[in-house]
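What follows is one structure encoded as structure tokens, with my remarks underneath.
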Amino acid sequence: MVASKGSFLWKFPERCDVSAETSPTVRRRRLASELRRLRTDRDMSMQVVAKRMEMTAASLSRIETGRRGIRPRDLRALLDLYSVAGNEREELLALSREAQQKGWWQQYGSVLSSEYATLIGLEAEASTVENFEQSLVPGLLQTEAYARAITAVFRPGDSPEDIDGLVAVRLKRQERLRDSEFNLSVIVSEAVTCQHVGSPEVRAEQFRHLAQANRQANVMVQVLPFRAGEHAALTGSFSILGFPATTDQDIVYLENMTSAVYLEEPPEVRMYKSVYDYLKAAALSPKDSASMLIKVAEGLA
């Protein structure tokens, strides 16, 4: 997969040491954006700054895209180079300290892939998530049994203990739904109800859970029926993460078996939001979706 302009691509191994390089949070992205702005405002090339900082241009690029953090002494040296002082300097140093805070998911660093840790870090600070899924129930609404069945097939080389850890992470993520300030909108293709995951009992439980999720004030679940016909999202599933601060841009999250891409360029994000709005209008209402899911669950019982 090739990342387009304005997107970040993470190639990840089966496991990574999450504690070695914490997942990019909104604060890290904000700091990265400010550092990039400071450099461009001063009309300094990345190569010139990297040479003055005695680092590679690749390392500076990773800092400016939020893919890695910056050490306090390097940040102070960079701010000196950009002649940043006063309140602006103190705010950026404070932002750096906040960006280095570790999240709850770091205790599972031995089993988390880097792209998954990144998603959790961003999701933890998002105020909205809009998620379209073609084949599977989204992770934030999976039951434990469904999550275990999916994890086992996606990670066939993992030990039972590793699987337990990954399922625990999936369930811990769902605590985000307890926050009334967080809003989740999910559209699942009707194909999700046809995909065999686990036993009929596992699927029945999952679809009942999905239907009941609509009762939460901050959750909306819709089913996109086959009769909706062709649409732009036939190319694949995606999520749009929105953040409370107006200065923090929305992100589109895409993944496949070996990589994850985060799109941040406004035109790209607008395109996905436009597609999501179309799907939302074409999908069944939350009430009709819940009825359909219950009917599917009853047929599996």
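Six or more apart or on different chains, Cβ atoms under 6 Å: show the pairs whose first residue is in region 247-266 and within 18 Å of Ala126 (Cα to Cα) and without any contact (Cβ under 8 Å) to a residue 24 or more places away in the chain and whose second is surrounded by fewer than 19 Cβ atoms within 10 Å (Cβ to Cβ) and of a type outside the set (A, V, I, L, M).
Gln249/Glu264; Asp250/Gly242
So which pairs qualify, if the first residue must be in region 282-296 and over 15 Å from Ala213 (Cα atoms), the second must be open to solvent by 50 Å² or more (accessible area, probe 1.4 Å), the Cβ gap must be under 9 Å, and the two must be at least 6 apart or on different chains?
Leu284/Ser291; Val296/Cys194
Determine, yes or no, whether Leu79 is modelled with pLDDT of 90 or more and touching a helix residue (DSSP H, G or I) at 6+ places or on another chain (Cβ under 7 Å). Outline the logic, then answer.
Details: modelled with pLDDT of 90 or more: yes; touching a helix residue (DSSP H, G or I) at 6+ places or on another chain (Cβ under 7 Å): yes.
Criteria met by Leu79.
Report, ordered by the first and then the second residue, all pairs with beta carbons closer than 8 Å, sequence separation of six or more or different chains, a first member in region 56-68 that is at negative phi and open to solvent by less than 40 Å² (accessible area, probe 1.4 Å), and a second member that is of a type in the set (Gly, Ala, Ser) and at pLDDT 90 or above.
So the pair list comes out as Ala57/Ala50; Ser59/Ala50; Leu60/Ala50.
Sort out which residues of region 242-264 are in contact with a helix residue (DSSP H, G or I) (Cβ under 8 Å, 6 or more places away or on another chain), open to solvent by less than 40 Å² (accessible area, probe 1.4 Å) and not acidic (Asp, Glu), and write them in order of number. I'd like the intermediate steps shown before the answer.
Residues of region 242-264 that are in contact with a helix residue (DSSP H, G or I) (Cβ under 8 Å, 6 or more places away or on another chain), as a first pass: 243, 245, 247-253, 255, 259-260, 262-263.
If we keep only those that are open to solvent by less than 40 Å² (accessible area, probe 1.4 Å) as well, we get 243, 245, 248, 251-253, 259-260, 262-263.
Within region 242-264, Phe243, Ala245, Ile251, Val252, Tyr253, Ser259, Ala260, Tyr262, Leu263 meet the criteria.
Can you name every residue in region 241-273 that is over 15 Å from Thr25 (Cβ atoms) and at pLDDT below 85?
Correct list: Thr246, Glu255, Asn256, Met257, Thr258, Ser259, Ala260.
Only residues that are among the aromatic types (Phe, Trp, Tyr), within 20 Å of Thr65 (Cα to Cα) and not in a strand (DSSP E or B): list them for region 242-276, please. Show your work before the answer.
Quick first cut of region 242-276, residues among the aromatic types (Phe, Trp, Tyr) only: 243, 253, 262, 272, 276.
From what is left, the residues that are within 20 Å of Thr65 (Cα to Cα) are 243, 253, 262.
Correct list: Phe243 only.
Hey, does region 223-231 have a residue that's within 25 Å of Arg148 (Cβ to Cβ) and more than 19 Å from the chain's Cα centre (by Cα)?
Yes, region 223-231 has at least one match.
Go through (1) within 19 Å of the chain's Cα centre (by Cα); (2) without any contact (Cβ under 8 Å) to a residue 60 or more places away in the chain and name the single condition Val202 misses.
The number of the failed condition is (1).
Being open to solvent by 70 Å² or more (accessible area, probe 1.4 Å), out of contact with any strand residue (DSSP E or B) (no Cβ under 8 Å at 6 or more places or on another chain) and of a type in the set (Lys, Arg): is that true of Arg39 here?
Answer is no for this residue.
Filter region 274-287 for residues that are among the charged types (D, E, K, R) and under 11 Å from Leu224 (Cα atoms) and give the result.
In the first step, residues of region 274-287 are kept if they are among the charged types (D, E, K, R); the result is 277, 280, 287.
Across region 274-287, the qualifying residue is only Lys280.
If you go through region 195-241 one residue at a time, how many are open to solvent by 20 Å² or more (accessible area, probe 1.4 Å), over 15 Å from Gln134 (Cβ atoms) and assigned to a helix (DSSP H, G or I)?
Selection size over region 195-241: 8.
The values are calculated or read from the model by the stated rules, or taken from the named source; none is laboratory data. Just so it is clear, the model here is predicted, and its values are computed rather than measured. Counting neighbours? That spans all protein chains shown, and the Cβs are built from the backbone with ideal geometry, glycine included. Quick note on the areas: whole protein, heavy atoms, side chains included, nothing else; ligands and nucleic acids left out. Shrake-Rupley method; radii C 1.70, N 1.55, O 1.52, S 1.80 Å.
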